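Okay, so here's the structure we're looking at.
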Amino acid sequence: MKVAKFGGSSVANATQLIKVGNIIKGDPKRKFIVVSAPGKRFSGDVKMTDMLIDLGTAYHNGDAYEAYLAPILERFTEIIEELGITDSVYAEIEHNIKSALAYEGSLESKMDAIKAIGEDSSAKILSAYLNTQDVSASYINPKDAGIIVSDEPGNAQILKESFDKIYSLHEKDGILVIPGFFGYTKEDKLVTFSRGGSDITGSIIAAGVKAEMYENFTDVDSVYTVNPTIVKNPKEITTLTYKEMRELSYAGFSVFHDEALIPAFRERIPVCIKNTNNPEAPGTLIVAEKEANEKCVVGIASDTGFCSLYVSKFLMNREIGFGRKLLSIFEDEGISFEHAPSGIDDMSVIFRDRQFTAEKENTVVNRIKEELHVDTVSIHRDLAVIMVVGEGLVNTIGVAEKATSAFVKANVNIEMINQGSSEVSMMFGIDASDINDAIQALYESFFE
Ligand code: ASP
């Protein structure tokens, strides 16, 4: 049996939902279906989840929330009418929205209840539609599916006991349509995963039912070797390992939620990324292990919005606990770091810029000066990180040379190099303004 998850663009309107119906009918193994909330129908459109967040915020602030509610109801009406399913689905959705707005509890929990309506409604609509197509399907609430999570609003974590319960979904007949993105605590409180979390639900269900495959339907034919907005028509990746996918999604490959790999990875369930608009395309397969003879570099990820903090202090290498003290300042200030390359008398900490407000910068720099008595401390914002990723990297001679020659060709200065301890990636830090030139040159050198 397979688990098939359909992302926001796959359930954005009736036309897309009809394609989803055909995909489900096309393979009798597709028994467990997970859906997102309706996503963007065109560029500039607003995702249902964002519309719901705006509604919840307006309601909370005492603003005229009806102006936010109306377009939400209109979108659902349009989908329901075009699919020709019964009005009772609409009545149920409307009722759910009203009860979520009236929810009495913390604001965070209330927002979670409101956000979850997008996925919950998609699942109800899809199962009703499948039944009109002579496909026996039922909507399964995540509580009944066995998705038990921690009480961390907007960032739920799955609890271990969920998996056995999920396995018993096999006993149910027909196709089961489960809304993504949320679960319930042991106390029966609805809590959502982080944004994009329907991928996580799909992976949890796949692990729980021990599926032979987790298919993740999105709107691209595959995962590409580089960001297609930088390089035109880049080559597709046919197979990659979980580790490689994790490294790629970390730095800008946003096809798949990075946390979502964990449950599938633990059960070694292959994940296939496929296109709802072109289901015949083979897609990209993510597996635990792959043949060693394949190309050593699978993809090049890049992302901007990084910041580096550099400190130097003479004889740093002899000072026991220096690194810990430096990182504990980051910990106290609630900043998570990404890399920390170091030398004998210096150390850099690289982290996401968005965590570092001017105020934070001030506090961190002052604390470093006062508590660690360093010689210099400097900050570099507008840093881009490029990751050259591939499991074969460790045993292949000349990868760094190939990469650095590409930087030379593009006339891009490398500010930092780090062959991560993972041995799956090589990281380069460059000025963000050079990113397009660098990626273009790296692509030519590794893939053309
Ligand atoms: N609808 C949620 C979001 O926009 C979850 C998802 O689509 O995966 O974040």
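The values are calculated or read from the model by the stated rules, or taken from the named source; none is laboratory data. On a predicted model such as this, the values are computed, not experimentally measured, just so you know. Virtual Cβ from ideal backbone geometry, glycine too; neighbours counted across all protein chains shown. Keep in mind that these areas ignore ligands, DNA and RNA; they rest on the heavy atoms of the full protein, side chains included. Shrake-Rupley method; radii C 1.70, N 1.55, O 1.52, S 1.80 Å.
Quick look at the values:
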read-out	value
Segment 137-242, relative contact order in percent, only Cα pairs under 8 angstrom and at least six apart counted	24 percent
Loop GluC sites (Glu not before Pro), segment 136-198 (other Cβ atoms within 10 Å of the site Cβ: 14 or fewer; DSSP)	161, 187
Nearest 10 degrees, 0 to 90: helix 66-83 Cα axis against the chain principal axis	60 degrees
Mean separation of Cα contacts under 8 Å, 6 or more apart, over the residue count of segment 392-448: relative contact order %	37 percent
Compactness relative to 2.2 N^0.38 Å, alpha carbon Rg of the chain	1.07
Among 1-10, 256-265, 116-125, 42-51, the order from most to least packed when residues are scored by Cβ within 10 Å on average	116-125, 1-10, 256-265, 42-51
Pair residue 189, residue 210: separation of 7 Å Cα→Cβ label points (nm)	3.4 nm
Dipole in debye (nearest 20) - segment 135-174, about Cα centre, beta carbon charges: Lys, Arg +1; Asp, Glu -1	60 debye
For segment 148-280, size of Cβ-based charge dipole, Lys and Arg +1, Asp and Glu -1, in debye	220 debye
Per residue accessible area in Å² of segment 287-404, where ligands, DNA and RNA are left out and the probe is 1.4 Å	52 Å²
Relative contact order (%) - criterion: Cα under 8 Å, at least six apart; region: the chain	13 percent
FRET efficiency for residue 268 and residue 366, using Cβ-Cβ distance with R0 set to 45 Å, rounded to 0.05	0.40
Modelled label reach - residue 354, point 7 Å along Cα→Cβ, segment 145-176 residues with backbone N closer than 15 Å	155
Where segment 81-127 is the region considered: accessible area per residue in Å², 1.4 Å probe	43 Å²
Cβ-placed point charges (K, R +1; D, E -1), dipole of the chain about Cα centre in debye, nearest 20	800 debye
Lys pairs under 23 Å by Cα in segment 1-94, provided they are eight or more residues apart or on distinct chains	14
Pair-distance profile P(r), taking every C-alpha pair of segment 16-94, with 10 angstrom steps and integer %	15, 39, 33, 11, 2
FRET E, pair residue 94, residue 133, Förster distance 25 Å, beta-carbon r, rounded to 0.05	0.55
Spacing of the two label points (7 Å from each Cα toward its C-beta) at residue 404 and residue 77, in nm	6.5 nm
Cα-Cα pairs of segment 1-154 separated by more than 18 Å (percent)	58 percent
Accessible area per residue, Å², segment 1-79 with all protein chains present, probe 1.4 Å	41 Å²
Helix 435-447 vs. the chain, principal-axis angle (Cα, 0 to 90°, nearest 10)	90 degrees
Around residue 279: net Lys/Arg minus Asp/Glu count, Cβ-Cβ under 12 Å	-1
Surface share of carbon and sulfur [accessible, 1.4 angstrom probe, percent] for the chain	48 percent
Spacing of the two label points (7 Å from each Cα toward its C-beta) at residue 67 and residue 164, in nm	5.3 nm
Cα long-axis angle, helix 198-209 against the chain (0 to 90 degrees, to the nearest 10)	70 degrees
